[in-house]
1. With Leu51, Leu41 as the choices, which residue is within 16 Å of the ligand (Cβ to nearest atom), in contact with a strand residue (DSSP E or B) (Cβ under 7 Å, 6 or more places away or on another chain) and aliphatic (A, V, I, L, M)?
2. Considering only segment 442-455, I want to know if a residue exists there that is open to solvent by 30 Å² or more (accessible area, probe 1.4 Å) and part of a loop (DSSP other than H, G, I, E, B).
3. Within segment 299-308, does at least one residue satisfy the condition of being among the hydroxyl-bearing types (Ser, Thr, Tyr), closer than 25 Å to Glu3 by Cβ, in contact with a strand residue (DSSP E or B) (Cβ under 8 Å, 6 or more places away or on another chain) and crowded, with 22+ Cβ neighbours inside 10 Å?
4. Any idea which of Asp120, Asp73 is away from the ligand (no atom under 16 Å from the Cβ), of a type outside the set (Phe, Trp, Tyr) and either surrounded by fewer than 15 Cβ atoms within 10 Å (Cβ to Cβ) or free of Cβ contacts under 8 Å to residues at least 60 places away in the same chain (or both)?
5. Suppose we filter Glu210, Glu168, Glu155 for residues that are open to solvent by 50 Å² or more (accessible area, probe 1.4 Å) and within 16 Å of the ligand (Cβ to nearest atom); which single one remains?
6. Mind listing just one residue for me: the one in segment 314-337 that is over 16 Å from Lys8 (Cβ atoms) and of a type in the set (Val, Ile, Thr) and, of those, most open to solvent (accessible area, probe 1.4 Å)?
7. Gly323: within 16 Å of the ligand (Cβ to nearest atom) and small (Gly, Ala, Ser), yes or no?
8. Which one of these is more than 15 Å from the ligand (Cβ to nearest atom) and farther than 30 Å from Tyr16 by Cβ: Asp185, Asp125?
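The values are calculated or read from the model by the stated rules, or taken from the named source; none is laboratory data. In this text, all values refer to a predicted model and were calculated from it rather than measured experimentally. As a convention, Cβ positions derive from the backbone with ideal geometry for all residues, glycine included, and neighbour counts pool all protein chains shown. Surface areas here come from the heavy atoms of the whole protein model, side chains and all, with no ligands, DNA or RNA. Shrake-Rupley method; radii C 1.70, N 1.55, O 1.52, S 1.80 Å.
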Amino acid sequence: MPENTWWKRGIVYQIYPRSFQDSNGDGIGDLEGIRRRLDHLAWLGVDAVWLSPFYPSPMADFGYDVADYCGVDPIFGSLDDFDRLIGEVHGRGLKLIVDFVPNHTSDQHEWFRESRSSRDNPKRDWYIWHDPAPGGGPPNNWNSNFGGPGWTFDEATGQYYYHAFLKEQPDLNWRNPKVRAAMHDVLRFWLRRGVDGFRVDVIWHLMKDEGFRDNPPNPAYQADQPDINRTLQIHSTDQPEVHGVIAGMRRVLDEFDDRVLIGEIYLPLDRLVTYYGENLSGAHLPFNFQLIHMAWRAGDIAALVEEYEGAIPPGGWPNWVLGNHDQTRIAARVGEAQARVAAMLLLTLRGTPTMYYGDELGIGRVEIPPDAVQDPWERNEPGLGFGRDPQRTPMQWDDSPSAGFTTGRPWLPLTPDHGTRNVAAMREDPGSILTLYRRLIELRRRHLALSVGDYVGAHADGQVFAYERRFGQERLLVALNFSHAAQTVPLPEGVAGAQVLLSTLASGEPAIHGQELALRPDEGVVLALD
Ligand code: GLC
């Protein structure tokens, strides 16, 4: 694989297909809609698109319950639409990454229908079936991530099946070589169609404890946390054998040229980095969600970046994520002013950045009225703030009644300010967060120091985090003010002067007095150092 290949240099942009662009007026986005909006991605300057699932699905979990791994749900279009989309994506020099959901299928998948049909069906052990506990009831205490027990009893065959998520999402049995072979063929199906890689759903879940031991209680559990947090998922996830499974997928990708394997992993850093695999035989990019859970404080983030940089195995490539379809939007978490600082952080750290559609518009908190709720998690555990609908609202393109997203009624509400918070309006505004994103991406593209350069920590205190990126002779300083007050930062020793390349603020410039940089409230800057 070439050094500094596309998935190291490039920026990944996640699209949630239901919410990007509708082309047929049903209020739900589709593949043809995405194709029609490729201009936006090219204009923005991103390198790769990752699509959340578009496969045939009963949509119990909006496509993360797959009923056929090798097709397209009619809501999203057809395989012909997919082929046309990938052709145009490639025609523009972009890459296409698709979602792969190997932990579970839909309960409507043909494999599961067969599996549940009788105990001696050849597909019975494609899923995780277990007798009731000796005194009756579920085999162990494993919970569903969406609340309630992780086991559902099947009356007809007298056993329980395990589902880490909804009961409509039975877990596959990855200990079964036939499952592995079938799923490898799914990967090949899409690789042959030209996809450039996969984002693998809940990859750390694939193997479970062979003895099905109970998970221990979580001593830190509090009532305002999701049900799943009652126990520590130490026997139901992150088993040593999972690395063999991932290496198997990786070998399939390696049959093709320069494809990328990205793993979704919510684990502490020391566990996360094991997913690069022994001798880097695992995921190329184990998704790094640490910024999502970190308090938005300069010192904490600086410490995190240092720790992460130090934890990556030799030859491993870092990556950073600020948001996705499961997490509260960045602007809702840190506010609009700091969302601009966050954008600069994401796009200037060492490692592949993954952006989430709509973050370039600064979409923040969106109220979802109770009768508009869609997310099954919110339905199962209502009113506690776990629902994911707010981060899945439609992309806003223009000031027309449905923001150019659909001619029908959008499946989730738009933001109340969609008349001004939309691509058409914000493109023309030099002070918009959209313009900032575009400039940051352009800057990253122009300066290899920002994409593939070295990272050198420079300064961290309670309010400011500053670091250098270096490549060849070039030295850039990124200084980020995490506070709403003005701050000063010392320039690195021995630096003769500095030019401002970009500020997150729309107008004016930060001041450089001798060896000191004066940052305005909520300002981030990139400087070229002499
Ligand atoms: C992942 C997906 C999430 C889905 C879950 C079950 O976490 O990102 O949206 O609900 O897996 O597939």
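1. Checking each option against the conditions leaves just Leu51.
2. Of the residues in segment 442-455, the ones open to solvent by 30 Å² or more (accessible area, probe 1.4 Å) are 442, 445-446, 448, 454-455.
With part of a loop (DSSP other than H, G, I, E, B) added as a condition, the list becomes none.
No: segment 442-455 contains no residue that is open to solvent by 30 Å² or more (accessible area, probe 1.4 Å) and part of a loop (DSSP other than H, G, I, E, B).
3. So in segment 299-308, the residues among the hydroxyl-bearing types (Ser, Thr, Tyr) come out as 308.
Retained after the next criterion (residues that are closer than 25 Å to Glu3 by Cβ): 308.
Going one step further and asking which of them are in contact with a strand residue (DSSP E or B) (Cβ under 8 Å, 6 or more places away or on another chain), we end up with none.
No: zero hits.
4. After applying the criteria, what remains is Asp120.
5. Glu168
6. Thr328
7. Yes; evaluated as a whole, the condition is true for this residue.
8. Asp125
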